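First the structure, in the form of structure tokens, and then the observations on it.
The values are calculated or read from the model by the stated rules, or taken from the named source; none is laboratory data. As the structure is a prediction and not an experimental result, all values here were calculated from the model. Here the Cβ is made from the backbone with ideal geometry for all residues, glycine too, and neighbour counts use every protein chain on show. When the accessible area is computed, the model is the full protein with side chains, heavy atoms only, and any ligands, DNA or RNA have been set aside. Shrake-Rupley method; radii C 1.70, N 1.55, O 1.52, S 1.80 Å.
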Amino acid sequence: TVLNRHVFESIAFHAGIAAWRESDPHTGKYSDEAAMAAQRETIARAHPVFENDDDFATVAAELDDLTLRYVAKWRGEFPDVRVYIAKDGVPQIEKLYSIPMEGTRYVLNLRPDAILVAHGYVAGYELKTAGASRAGAAMAELEWSPQVVSETYILRQIEHDIAGVYGDLAVKGNTRNTEKLQRRLITPPAELVDGFPAFVGDTIAEIDSATD
């Protein structure tokens, strides 16, 4: 389906950029070849969901273009923007974080695309893709996104100096009047972040009541 196609296209792009950063998080000499290989391998596994070979070839070509543009744009970002290295020496890329919800039997799970140290801030990181007609809305939605609020809250329980979440947007298709690659630090209002546990607690109570 068209929906599946877009989902796999996004997954493949994410895989490519994750592989790019994982190729050398300590010195920032990232491998463009690693990025291309990862996204091509990922999209190739999704070939059966495409309507025909021409449809697949169109998406594969767009993915190649988007990945190459991304790595060219941000190739020199290190050390101003770099992957956060945890105390155990592990780069924080696609890592699972879990914290218990106090007073419940549940845990909150989070898997950000990465944690970055960027321009002096430690922040979560989310890579998004959108068509040119949706680019402005996609970035605006992140400003009040439950994902950004929850990510900021959970990461602050682990790393107290988390500033927020970097939204990294790659725009697909014709972008004559739209910036192709956009990045912005999103710092959710304190009242939303501080109120997140109570909101989740109320939701969990409703679920428990319904299941009981």
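Structure notes:
- Distances between every pair of Cα atoms in the stretch 1-103, grouped in 10 Å steps from 0 to the bin holding the largest one, split as 14, 39, 27, 16, 4, 0 percent.
- Where [x] -0.40, -0.49, -1.13; [y] -0.44, -0.54, -1.14; [z] -0.49, -0.59, -1.24 are the candidate values, the label of the one calculated here for log10 I(q)/I(0) by the Debye sum over Cα atoms at q = 0.09, 0.10, 0.16 Å⁻¹ is [x].
- Sorted peptide list for 44-52, 122-130, criterion being average Cβ within 10 angstrom, highest first: 122-130, 44-52
- Seen against the Cα atoms of the chain and their longest principal axis, helix 53-74 is set at about 70 degrees.
- Annotation: per residue accessible area for the stretch 33-151 equals 54 Å², rounded to a whole number [probe 1.4 Å, protein chains only].
- Across the stretch 186-201, coupling constants 3J(HN,Hα) worked out from phi with the 6.51/-1.76/1.60 Karplus curve, θ = phi - 60°, read 9, 10, x, x, 4, 5, 6, 5, 5, x, 4, x, 5, 4, 5, x Hz, and Gly and Pro carry x.
- Computed accessible area, residue 97, all protein chains, 1.4 angstrom probe, square angstrom: 30 Å²
- Per-residue accessible area (protein heavy atoms, 1.4 Å probe) orders 160, 14 as 160, 14, starting from the largest.
- Protein-only accessible surface at a 1.4 angstrom probe places the residues 95, 180 in the order 95, 180, largest first.
- Overall form of the stretch 150-212 per C-alpha gyration tensor (a/c, 1.5; a/b vs b/c): oblate
- Cβ-Cβ FRET estimate between residue 174 and residue 205, R0 fixed at 41 Å, reported to 0.05: 0.30
- Helical content alone sets the calculated 222 nm signal of the chain at -16000 deg cm²/dmol, taking -39,500 (n - 2.57) per DSSP H segment of four or more residues and averaging over every residue.
- A DSSP coil position with no more than 12 other Cβ atoms inside 10 Å describes the following trypsin sites (Lys or Arg not before Pro) in the stretch 147-178: 176.
- If R0 is 41 Å, the Cβ-Cβ spacing of residue 52 and residue 185 corresponds to a FRET efficiency of close to 0.50.
- In the chain, lysine pairs closer than 24 Å at Cα, eight or more apart or cross-chain: 13
- Carbon plus sulfur fraction of accessible area for the stretch 106-194, probe 1.4 Å, in percent: 49 percent
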